[in-house]
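Participant: Okay, handing you the structure first.
What follows is calculated from the coordinates using simple rules that are stated; it is not laboratory data. A quick note: this is a predicted structure, and the numbers were derived from the prediction, not measured. In this analysis, Cβ positions are derived from the backbone assuming ideal geometry, glycine residues included, and neighbour counts consider all displayed protein chains.
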Amino acid sequence: MFDRLRKGLSNAVSKIVVTELKAEKLRPILDEFRFNLIENDVAVPVAYYITDELEKRLEGVQVNRLGDRKDLVKDTLHEVLIEILTTKETFDLLASIDQKRKQNEPYIILFVGINGTGKTTTIAKVTKFLMNKGYSVVLSGSDTYRAGSIEQLEEHSKKLGVRMIKHKYGADPAAVAYDAISHAESRGINVVLIDTAGRIQTDKNLMSELAKVKRVVDPDLTVLVIDALIGNDAVLQAEEFHKSVSVDANILTKVDADVKGGASLSVTYVTGKPILFIGVGQDYKDLEPFEAERFTQMMLK
């Protein structure tokens, strides 16, 4: 995981450690480092932020011992990465669900994203996560367009032992979601997870339709599911979906297979929205709550 990004970070630290901490000495190393970050799918604004902040914070610092200097450089890089991965908005999913449960109302989560990101499987993983925390869940098969999507979600619902609300293909996806919410309300179910058809972020008509679903459903949380392996396109997707449907949080899938790591580093910074979970495998248990500190340590170790 993140092998190439980790190697680039390590190389930059090694070169800075043996360099005089003056801007004219640091700049060539940081220019090379910036290029390496961009090669590893770090969005250009993020790459510039990292190198600019390193120059600003390291310039003129007086450290004599080599070991102390290495600690200084690593700690500074750690601080910068933490800042990138930490959003101004903090969000506690379980606390938000509990708040709705106290009001005897279901918590509604709308999942969006393009086809192929692992959205439906991610919904199943989130279901398992919530069930393990003691919450009841109902699924809404609101992807009424893609052939096999309803059957795929239904298969997950059977394995997990939860109810799925579905209509026929071609049905109004908002109507399916509405029925799922009504089902949850009448039976005291805690959480409604709504699957939607994968939208290409550049297709304005499909994005408008997704916005209509959101208006009708009025979810408590809109989550964008992003494939970490698609590089800088992950950032473009995040920007476009946020513009069209106002995304509240992100889930990154296939992080375990991501050797570059740039998408993971860029999405939070570019959108200002937190990462809720990362997908690290195919099993239902392979979903980890995102922690900026742990994520940073993975990149720097």
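Participant: How tilted is helix 93-102 with respect to the longest principal axis of the chain? Cα atoms for both, answer in degrees (0 to 90, nearest 10).
Facilitator: Between helix and principal axis, roughly 30 degrees.
Participant: Restrict the search to segment 1-88; then list the GluC sites (Glu not before Pro) that DSSP places in a loop and that have at most 15 other Cβ atoms within 10 Å of their Cβ.
Facilitator: Glu20, Glu59
Participant: Can I ask one more? How big is the shadow of the Cα convex hull of segment 148-301, averaged over all directions, in nm²?
Facilitator: Approximately 10.0 nm², given one-decimal rounding.
Participant: Divide the volume of the convex hull of the Cα atoms of the chain by its number of residues and quote the answer in cubic angstrom per residue.
Facilitator: So the per-residue Cα hull volume is 126 Å³.
Participant: Can you tell which of Val61, Val80, Val280 shows the greatest fluctuation in a Gaussian network model of the chain with Cα springs below 10 Å?
Facilitator: Val61
Participant: Go through Lys25/Lys254; Lys133/Lys273; Lys158/Lys301 and tell me which ones have a Cα-Cα distance over 31 Å in this structure.
Facilitator: Table pairs above 31 Å Cα-Cα are Lys25/Lys254; Lys158/Lys301.
Participant: Something else about it: Indicate the gyration tensor shape class of segment 201-253 (rounded, prolate or oblate), computed on the Cα atoms with a ≥ b ≥ c the square roots of the eigenvalues: a/c under 1.5 is rounded; otherwise a/b larger than b/c is prolate and the rest oblate.
Facilitator: Oblate.
Participant: Between the DSSP loop rule and a limit of at most 10 other Cβ atoms within 10 Å, which trypsin sites (Lys or Arg not before Pro) in segment 49-89 are left?
Facilitator: Passing both the DSSP loop test and the Cβ count: Arg65, Lys88.
Participant: Right, here's the next one. Name the residue, out of Ser157, Ser14, Ser264, whose mean-square fluctuation peaks in a Gaussian network model built on the chain with Cα pairs under 10 Å.
Facilitator: Ser14
Participant: While we're on this one: So how much slack lies between Asp68 and Asp172, counting 0.36 nm per residue of separation and subtracting their Cα-Cα distance, in nm?
Facilitator: Here the segment from Asp68 to Asp172 would lengthen by 31.2 nm.
Participant: Run through the DSSP bridge list for the chain and note the antiparallel percent, rounded to the nearest 5.
Facilitator: Looking only at bridges with both residues in the chain, the antiparallel portion is about 10 percent.
Participant: Per 0.36 nm of contour for each residue apart, how much would the distance between Asp31 and Asp256 grow if the chain were fully extended, relative to their Cα-Cα spacing?
Facilitator: Roughly 78.1 nm would be gained on extension.
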